[in-house]
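Encoded as structure tokens, the structure appears first; notes follow it.
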Amino acid sequence: MKYELLAVVGLLFCLIVIAFEYFLHYRLAEKQDEKEANTKRIDHRMKIRVEGILYAPTEVSRNSEIKKMAEDINDDYEIYEAAIKTIESVKERADEKQKESLSKLVDKINEEVNPVSIYATMLESNDVYHKGYAMRRLADLGAIEYKETIVEHLKSKNRDLAYNAAMSLAQFGDEENVAVFLKSIQNDRLYSGRIINEFFDEFKGDRACLAKLLFKDCNSYMRSSIIKALIPYKIEEFHKMYIENSVSKDFRLKVACVKAIATFGKLEDEQVLQMAAQDKEWVIRASAVRGLALINTPTALESVKKALRDKEWWVRQAAANSITQMDISPKDLEDILGGYDRYAADAIKGVLYKKLDSLQ
Amino acid sequence: MSFLNGVRAFIVVFNYFCMSFTILLSIIYIIQMVVSLIRVRKNYEKNFSDDFMRYEDSNNLLPISLIIPAYNEQENIVQNIRSLMKINYPSYEILVVNDGSTDKTRELVIDAFEMKPIETSIRYQIPTKQIRGVYFSQKYPNLLFVDKENGGKSDALNAGINISSYPLFTCLDADSRIEKDALLRLSIEFIKDSRTVVAGGIVRIANGSKIVDGELKGFTMPKKLVERFQIVEYYRSFLFGRVFWSATNSLLVVSGAFGLFRKQTVIDVGGYKQNTIGEDMEIVVRIHRYLRKKKIKYKVIFNELSICWTQGPMSMNDIRSQRRRWQIGLMDTLISHRVMTFNPYYGMVGMFSVPYNWIFELFGALIETIGYFLIPFSLIMGELNMFFFVMYFLLAVMLGVILSEGSLVLEQYTHRAAMSAKQSIAISIYAVLENFGYRQIISLFRLEGILKYRKLRKTWGKIKRKEFEQ
């Protein structure tokens, strides 16, 4: 009897769970329909408003349309974003002159709507994800007056919140606080490598200043990550440091520095790159070869040609790709095409085929 | 008399075994459901502040090679390539590998994209059948067409890996479509955590859905029952199973239709295994095995917001062929890596995930099917308590409904459901109906896969699928 009762109770419990699930499903489905209809309605309304503003015959009617749009937005971030999205999509199809007037239009709408207050309200919510989103948007809007509030979140135990706070500060170009955040994560290697790249990419201030602050007191992993992140910006004042560290015993640092030197393509660096091209590590040899191709002197060409016979495939590939950018004589070309390294020959052939194809 | 007593004793023991099996499976499913609910909810909310679209033009994303193995895909291939050209990703190349098609796949692609043969050197890091030629198009510089001798899907994928130039690659089925932002969402997993070696997305049944240029434009309920059942099945399998296994870093399968891999890891393990029909599962298990053995920290991730659409089979015959193939693939992989079973050396994968697949995914079909035949036999023998049987059956059905309906709730929660409220509620009826007939038939197909393992383990079979609505 006990088991039978247990079975019936179990069955009833399952029925209640199913009924609850169905109810929840129905409510969520209804909500989604409502949301979709609402989004469509907003999009439609915003399209009409944007058209009204764009084709308004007079400045007065344009301003009145903008006012109407502000009323529609009514401090709702979703409607505001829909309006901006509509303008952006019009912008994509517009010519340069129209693009300029559309950018001015966004500024006018922002004056009327005051989106900063919308996101400032969102920043006060208890949801960490909403807070994070609000901080990023405030930074997009250049709302520097909220910087101090954002700084408060920098030390949050919630990693997402701290990340978004630091990212917003990077958008403001606040090197000191960004440096504090980056130093706080320097021992987490799985996290900091990617974060450093993102931050240097997003940073709106003086990247060299930020890097100098970090170099003062960071571990070698972070130092090499920063150097790698700075490669695209070719910051001249670090060139000397790159040269000094190109013979470092720290492998990561050495690789980062040789890669950085290689992107400068300076004639004065040829000696350093020639040495790096002889290194026992293939990553360094491959980077050096790319740099030598940019220098493009007869001696650099000789080293790149030598690298075509390197024992490591990646170095041969780098050399073959690089040599196509150098001034090679018909004899060199013939040597490579008939040479023993098939990859080098095919790389040259590939480039020639593509060139020929574009001429036809 | 003693024989009859023996049979009776067997029935009683088997009945108790079945009951214990069901209870254990139910507990596992409930744990999976709870973990998945928490995780999906968290991911969905986190997605708001992650604002992944910021990465759209980022230089920090790793470039991706999209490899499409194609064997007699003349119906879909051009359309598929065109849709891939519209995906939202800063840097990618498309490699179409023609695996010795006997139809017009090769001619159609070459003509449609004005491709010309080029000389290129291939670094054979993984051995494959001979590559006959590589084609390039000036008009579409990120598209390469590779023409090779027939060697099977794994061979085509390996050839694609050899030719690819980027550090990440994804294998895509020629009859699937990925959503515009799917790659962006998936590749972010690789920059969020540098330990990530594999990331898989959710595969959804496209039957009834209108997908244009990687965007869902509408849904009409598919006409056939089997298609409707598959919609429920896919939600359950992906939103519960894979989310849970990913949370414990012991996910064994990343769908062959859509998965993103770190190329060097795949090369290190020797590429896709030839002569197997479960190459998508096998490669992931081998990666687990290799990295655990080398004591390298890694992650195999499932991202439920990254979507790939696939056309599900439309007839019972095609479903039979598909499920048989899946079961054979599963069995083949488990046998190849049997050393991992209950082996603490392989952590969660060896102690939990692999044994789960042996017991519940592989032999579950066998136990379930024996149960179906033993029930009437038990009734005849007078060994079955009718009340107990009815209760047991109802509980099993209800648990199935709870799980299926739960996955539909999750799908609805993430607001990415393809259907309207009415359609969504209508489809949930099939979460109940699938327990009366469909599930049992699927069990039979899976059992057939086990029984025909030796005979069919190298046969793919062709499934007829609907073309994507344009």
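The values are calculated or read from the model by the stated rules, or taken from the named source; none is laboratory data. Bear in mind the structure is a predicted one, so any value in this text is a computation, not a measurement. As a convention, Cβ positions derive from the backbone with ideal geometry for all residues, glycine included, and neighbour counts pool all protein chains shown.
Quick grid of which residues meet (1) away from chain B (no Cβ under 14 Å); (2) free of Cβ contacts under 8 Å to residues at least 12 places away in the same chain; (3) assigned to a helix (DSSP H, G or I):
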position	(1), (2), (3)
A:Ile118	yes, no, yes
A:His130	no, yes, yes
A:Tyr133	no, no, yes
A:Arg137	no, no, yes
A:Tyr146	yes, no, yes
A:Ile150	no, no, yes
A:His153	no, no, yes
A:Lys157	yes, yes, no
Being modelled with pLDDT of 90 or more, within 21 Å of B:Ser58 (Cα to Cα) and acidic (Asp, Glu) narrows it down to one of A:Asp206, A:Asp201, so name that one.
-> A:Asp206
Of all residues in region B:258-280, count the ones that are buried (at least 21 other Cβ atoms within 10 Å of the Cβ) and over 18 Å from B:Ser164 (Cα atoms).
-> 5
State all residues of region B:314-348 that are among the aromatic types (Phe, Trp, Tyr) and in a helix (DSSP H, G or I); if no residue qualifies, say none.
-> B:Trp326, B:Tyr345, B:Tyr346
Okay, helices (runs of 4 or more DSSP H) sitting entirely in region A:259-342 with 2 or more residues that are under 18 Å from B:Ser165 (Cβ atoms) and modelled with pLDDT of 85 or more, I get A:282-295, A:313-323
Exactly one of A:Lys35, A:Lys68 is part of a helix (DSSP H, G or I) and within 14 Å of chain B (Cβ to nearest Cβ), and that one is A:Lys35
Would you confirm whether any residue within region A:49-57 is more than 14 Å from chain B (Cβ to nearest Cβ), within 33 Å of the chain's Cα centre (by Cα) and on the phi > 0 side of the Ramachandran plot?
-> no
Number of the condition not met by B:Lys422 [criteria: (1) in contact (Cβ under 8 Å) with a residue 24 or more places away in the chain; (2) facing chain A (nearest Cβ under 9 Å)] = (1)
Taking region B:128-156 only, how many residues are under 15 Å from B:Val97 (Cα atoms), assigned to a loop (DSSP other than H, G, I, E, B) and not small (Gly, Ala, Ser)?
-> 6
Is it fair to say B:Glu114 is in a strand (DSSP E or B), over 21 Å from the mean Cα position of the chain (by Cα) and more than 30 Å from A:Ala166 (Cα to Cα)?
-> no
Cβ pairs under 6 Å, 6+ apart or interchain, first in region A:182-199 and more than 8 Å from chain B (Cβ to nearest Cβ) and free of Cβ contacts under 8 Å to residues at least 12 places away in the same chain, second of a type outside the set (A, V, I, L, M) and buried (at least 16 other Cβ atoms within 10 Å of the Cβ), ordered by first then second residue, are A:Ile185/A:Tyr191; A:Ile185/A:Ser192
Using the structure shown, decide if A:Lys91 is assigned to a helix (DSSP H, G or I) and out of contact with any helix residue (DSSP H, G or I) (no Cβ under 6 Å at 6 or more places or on another chain).
-> no
Taking region B:94-111, which residues are farther than 18 Å from B:Ile67 by Cα, polar (S, T, N, Q) and not in a loop (DSSP other than H, G, I, E, B)?
-> none
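Within region A:205-219, does at least one residue satisfy the condition of being among the polar types (S, T, N, Q) and touching a Leu at 6+ places or on another chain (Cβ under 6 Å)? Even if it seems obvious, please write down each step before you answer.
The initial filter retains those residues of region A:205-219 that are among the polar types (S, T, N, Q), namely A:219.
Cutting the leftovers down to touching a Leu at 6+ places or on another chain (Cβ under 6 Å) gives us none.
The answer is no; no qualifying residue exists.
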State all residues of region B:309-331 that are touching an Asp or Glu at 6+ places or on another chain (Cβ under 7 Å) and farther than 13 Å from B:Val226 by Cα; if no residue qualifies, say none.
-> B:Thr310, B:Arg324, B:Leu330
Please state which one of B:Ile205, B:Ile178 is touching a Cys at 6+ places or on another chain (Cβ under 8 Å) and closer than 21 Å to B:Pro313 by Cβ.
-> B:Ile178
Complete set of residues in region B:41-87 that are outside any helix (DSSP H, G or I), touching a Leu at 6+ places or on another chain (Cβ under 8 Å) and within 14 Å of another protein chain (Cβ to nearest Cβ) | B:Leu61, B:Leu62
Which members of region B:115-155 meet the condition of being in contact with a Lys or Arg (Cβ under 7 Å, 6 or more places away or on another chain), more than 17 Å from B:Glu93 (Cβ to Cβ) and within 14 Å of another protein chain (Cβ to nearest Cβ)?
-> B:Glu119
Test: residue in region B:391-405 that is within 21 Å of the chain's Cα centre (by Cα), under 15 Å from A:Arg27 (Cα atoms), facing another protein chain (nearest Cβ under 10 Å) and buried (at least 19 other Cβ atoms within 10 Å of the Cβ) | yes
